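All remarks here apply to the structure that follows.
The values are calculated or read from the model by the stated rules, or taken from the named source; none is laboratory data. Fair warning: this is a prediction, and the values are worked out from it, not measured in the lab. Heads up, the Cβs are rebuilt from the backbone with ideal geometry, glycines too, and the neighbour counts pull from every protein chain shown. Remember, those area values only see protein heavy atoms, side chains included, never the ligands or the DNA or RNA. Shrake-Rupley method; radii C 1.70, N 1.55, O 1.52, S 1.80 Å.
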Amino acid sequence: QVQLVESGGGLVQAGGSLRLSCSASGRTFSTYATGWFRQAPGKEREFVAAIYWTSSSTVYADSVKGRFTISRDNAKNIVYLQMNSLKPEDTAVYYCAITEGVLITIPDEYDYWGQGTRVTVSS
């Protein structure tokens with residue numbers, strides 16, 4: 001079994017930055033891709049970014065490209081999401097998840113999820 005724990009959310013003004021962390025226990029990230037998703041009130045969960053553990057290749061949603069950066073720390077078994085130039089429309093609960101699948105932008109492809117961390121961006 002894998003447990004994922006997100007942290008780093010909070011309240012920030014538009015234009016500000018936050019760094020989210022996703023730590024895993026029970027199993028390492030080594031065979032998975034790790035993704036970040038977000039869900040705003042009344043909306044479906046949407047893909048934000050993902051990183052392949054073995055190759056470090058990354059994928060981003062168009063809405064965050066150039067503002068968000070996903071990265072990993074091998075030694076600590078943590079995946080980060082650095083969020084810069086935040087906008088009010090980035091307000092959501094952010095979730096990390098892991099998958100051995102190939103459709104890494106699709107939530108149903110993911111096997112394990114964290115509990116989420118809330119990000120609120122004020123205008």
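Miscellaneous remarks
- Among the residues of region 67-103, those that are exposed (fewer than 15 other Cβ atoms within 10 Å of the Cβ), without any contact (Cβ under 8 Å) to a residue 40 or more places away in the chain and within 15 Å of the chain's Cα centre (by Cα) comprise SER71, ASP73.
- Restricting ALA24, ALA49, ALA40 to those that are of a type outside the set (S, T, N, Q), under 14 Å from THR105 (Cα atoms) and touching a residue at least 24 places away in the same chain (Cβ under 8 Å) reduces the list to ALA49.
- Hits in region 35-65 (condition: outside any loop (DSSP other than H, G, I, E, B), among the hydroxyl-bearing types (Ser, Thr, Tyr) and under 23 Å from GLU89 (Cα atoms)): THR58, TYR60
- Every test in (1) within 14 Å of the chain's Cα centre (by Cα); (2) surrounded by 15 or more Cβ atoms within 10 Å (Cβ to Cβ) is passed by VAL12 save one, and that test is (1).
- In region 66-92, the residues that are farther than 20 Å from THR54 by Cα, assigned to a loop (DSSP other than H, G, I, E, B) and not hydroxyl-bearing (Ser, Thr, Tyr): GLY66, ARG67, ASN84, LEU86, LYS87
- Verdict on TRP36 being open to solvent by less than 60 Å² (accessible area, probe 1.4 Å) and within 10 Å of the chain's Cα centre (by Cα): yes
- ALA97 falls short on exactly one of the conditions (1) touching a helix residue (DSSP H, G or I) at 6+ places or on another chain (Cβ under 8 Å); (2) in a loop (DSSP other than H, G, I, E, B), and that condition is (2).
- Residue satisfying all of: in region 104-123; small (Gly, Ala, Ser) and closer than 14 Å to ARG45 by Cβ; surrounded by the fewest Cβ atoms within 10 Å (Cβ to Cβ) among these: GLY116
- Per the conditions (1) under 23 Å from ASP111 (Cα atoms); (2) among the polar types (S, T, N, Q); (3) at pLDDT 95 or above, the sole criterion not satisfied by SER57 is (3).
- Annotation: PHE37 fulfils all but one of (1) touching a strand residue (DSSP E or B) at 6+ places or on another chain (Cβ under 9 Å); (2) modelled with pLDDT under 95; the unmet one is (2).
- Every residue from region 51-66 that is β-branched (Val, Ile, Thr) and either farther than 19 Å from SER122 by Cβ or open to solvent by 20 Å² or more (accessible area, probe 1.4 Å) (or both): ILE51, THR54, THR58, VAL59
- Looking only at region 39-62, and only at residues there that are of a type in the set (Ser, Thr, Tyr) and over 17 Å from the mean Cα position of the chain (by Cα), the one that is nearest to TRP113 (Cα to Cα): THR54
- A residue that is farther than 23 Å from VAL12 by Cβ and of a type in the set (Gly, Ala, Ser) cannot be found anywhere in region 76-96.
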